[in-house]
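Single-structure report; data block below.
The values are calculated or read from the model by the stated rules, or taken from the named source; none is laboratory data. Owing to the predicted nature of the structure, the values given are computational and were not obtained by experimental measurement. Positions of Cβ are backbone-derived with ideal geometry, glycine not excepted, and every protein chain shown enters the neighbour counts. Remember, those area values only see protein heavy atoms, side chains included, never the ligands or the DNA or RNA. Shrake-Rupley method; radii C 1.70, N 1.55, O 1.52, S 1.80 Å.
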Amino acid sequence: MWYSVVGLMVTLTLSLLAAPLAAEAQPRRKIPLVGMLEPTASPGSSGSARCSRFFRQGLRDLGYVEGQNIALEYRYADNQFDRLPALAAELVRLTPEVIWTYSNAAALAAKQAITTIPVVIGVSQDLTELGVVESLARPGGNLTGLDLRVFALMGKRLELLKDAVPTLARVAVLVNPTDPLSKEVPHNIEREALALGVQLQRVEASGPETFEGAFAAMIQGGPDAVMLPEGPPFGSHMPRLLELAHRHRLPTMCSGVHYAEAGCLLTYGAVADDLCQRSAVFVDKILKGAKPADLPVERSYKLYLDVNLQTAKALGLTIPPTLLFQADEVIQ
């Protein structure tokens, strides 16, 4: 009996002594961790995304240096959006201070898979319509970020395209069928199309391997121009899409203004790169204690119209002076 009591006391003593050692043995994170849920491809590969590059630039502007005072852990979906929920769950298990992502598909995956960790959407399209946030002013929950007014601007883009090509009668609209909002396109601009006397042709493409087939189907419909969206997988493969459009001599309207330099005839919209860079401010605020629910979703209301006259010349088009006068930039 005496031996058992002594043994118990020794065991308890050793356990108490070992507890601090075990606690010290647990890995401690010295710098904040940001989980990067990347819907497209890894840096350096074909189709790698612009948004994460500008986000990292935003972090650097705020004084963050990767590996010194912040850590970034990446998961890449490689444009296979059905992988996003599992990748989001992987990041959750790492317990980062915040998870950053972008695009409609990734925003929805984050909404479904991440309920406690703060999430910043670098840029997405119509977050309220997606059901990702309750409202722009009061997002609620654990998600916030930046938003492009894609739906609201599609009618204006069609109008500008008609101004550039007055003989326009039929316009192809490229959509990603895996995008949750794609089912509304192009029905959402039928009223504008009717007023302009333009017929709309929906053409689906879910990844770069489908682009050739999508354009083949598009050409059978006899379009006079094509509207190219910016979200995954299109944005990271825009040079390829523009090459196909130019091959078939189709005037192009793009939503990302930076694509005018890549050869798009017309671009109209906000500068998505600026929004991606701005999203670093949201991450910084959360790392300093802010709650996502208290950070209103930001929208860019500064819109730009760019015209590429080199592309117009190659297509044999003369852009009306009135449209050139409206342009923020004209690429000669």
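Figures for the structure shown
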| quantity | calculated |
| --- | --- |
| Nearby lysines by direct alpha-carbon distance to LYS313 (threshold 26 angstrom, same-chain neighbours under 8 apart not counted) | LYS156, LYS162 |
| Crossing angle, helix 211-220 versus the chain [Cα axis fit, 0-90 degrees, rounded to tens] | 30 |
| Heavy-atom accessible area per residue - the chain, 1.4 Å, Å² | 47 |
| Peptides ranked, highest mean first, by Cβ atoms within 10 Å: ranges 281-288, 215-222, 257-264 | 257-264, 281-288, 215-222 |
| Using distinct alpha-carbon pairs, which all enter the 1/r mean, Kirkwood radius of the chain in Å | 21.7 |
| 0 to 90° range, to nearest 10: angle between helix 2-25 axis and the chain longest Cα axis | 30 |
| FRET efficiency, 1/(1 + (r/R0)^6) with R0 30 Å, evaluated for ASP328 and GLU66 via beta carbons | 0.35 |
| Proximal lysines relative to LYS183, as straight alpha-carbon distance under 19 Å, when same-chain residues fewer than 8 apart are discounted | none |
| Set of lysines near LYS288 by C-alpha distance (under 22 Å), chain-local residues within fewer than 8 positions excluded | LYS30 |
| For region 114-165: relative contact order, % (alpha-carbon pairs under 8 angstrom, 6 or more apart) | 39 |
| Spin-label pair ARG149/LEU94, simplified geometry with 7 Å Cα→Cβ offset, distance in nm | 3.6 |
| DSSP beta bridges in the chain [antiparallel fraction, %, rounded to 5] | 10 |
| Packing-based order for 111-120, 239-248, using average beta carbon neighbours within 10 Å, highest first | 111-120, 239-248 |
| 0 to 90° range, to nearest 10: angle between helix 51-61 axis and the chain longest Cα axis | 60 |
| Theoretical FRET efficiency, 1/(1+(r/R0)^6), r = Cβ-Cβ of LYS302 and GLU134, R0 25 Å, to 0.05 | 0.50 |
| For region 132-170 versus region 199-251, the gap between their alpha-carbon centres in whole angstrom | 19 |
| Relative contact order [Cα under 8 Å, 6+ residues apart], the chain, whole percent | 19 |
| FRET efficiency for THR116 and ALA216, using Cβ-Cβ distance with R0 set to 51 Å, rounded to 0.05 | 0.65 |
| Cα centre as origin, Lys/Arg/Asp/Glu Cβ charges: region 248-332 dipole, Debye | 160 |
